[in-house]
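The next block holds one structure in the form of structure tokens; read it before the comments.
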Amino acid sequence: MDTFEQPDHETFAARIGPQAWRILLTTGDLRSYNPGRALLRQGDPGGFVLVLESGRVKVLAGAEDGAQLMLTVRGAGHLLGELAGDAEGRRTATIEAIDQCTARYLALPAFERFLTANDLTAAFRGYVTGKFDQAVTRQVDLAHRLAVRRIAQLLFDMVRFAPPGLADPLRVPFTQEELAASLGMSRSTVTDQLAKLRRSGALGPGPQLVVADLTRLREWAEA
């Protein structure tokens, strides 16, 4: 099976460097979230940001029919809620823990003081711009991307953001039903596309979702 690198290039931790990241992790109040718990809810007021220290989270957007569609997965090193940090703003998505997660809670004034004191305002703006660009891309994907590519991208993100020390980092902790609901697809569509990924060798055999070849899975996601 493949080894894989952490996707550091897109995290806030990578943008500011290890020293500033360590300082940030001592600035806020530590909070813990069990799997399935919401860290943020769409429509709630802002006023603070969360600094994701460990674990994976899924970013969900409410559809018109009430379904919660998964937009992306994020892991340690990311900021959560910074797009609506202002108390007058509203959360644009729900963020839910996949694993046991820890995050640092910072009120907006404290976060702004951290940025100013460490000369990181430009780095923060670049990070926010990158997330806006990604959000636009994900919205286009929801409407136009082939089902197999959307599934492959989600599975790839789940593995590459797997936290250190996870017993089986290549296993994706979703059932086919959960995958279908999260992506707004029928179960039959998901079943057919997973079979295609298994035949290609990207996924292993059997009922559980286990990545067998991460490079091949990425090729499907980017095809």
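The values are calculated or read from the model by the stated rules, or taken from the named source; none is laboratory data. Computed from a prediction, not measured in an experiment: that's the story for all the values here. Cβ sites come from the backbone with ideal geometry, for glycine too, and all protein chains shown count toward neighbours. Each accessible area value is taken on the protein alone, full model and side chains, heavy atoms only, with ligands, DNA and RNA left out. Shrake-Rupley method; radii C 1.70, N 1.55, O 1.52, S 1.80 Å.
Residues whose amide H comes within less than 5 Å of that of Ala212, counting only those at least five positions distant or on another chain, are Leu203, Gly204 (H built at 1.01 Å from N in the peptide plane). Excluding ligands, DNA and RNA, the accessible surface per residue across the chain is 50 Å² with a 1.4 Å probe.
What shape does segment 42-117 have by the C-alpha gyration tensor, where a ≥ b ≥ c are the square roots of the eigenvalues, rounded means a/c under 1.5, and otherwise prolate means a/b greater than b/c and oblate the rest? Here segment 42-117 falls in the oblate category.
Ranked by the mean number of other Cβ atoms within 10 Å of their residues, highest first, the peptides 120-128, 47-55 come out as 47-55, 120-128. Listed options for semi-axes √(5λ) of the Cα gyration tensor in Å are (i) 33, 18, 16; (ii) 31, 19, 15; (iii) 68, 19, 13. The value calculated from this structure is the one marked (ii). Dividing the mean sequence gap of close Cα pairs (under 8 Å, 6+ apart) by how many residues segment 152-223 holds gives a relative contact order of 38 percent.
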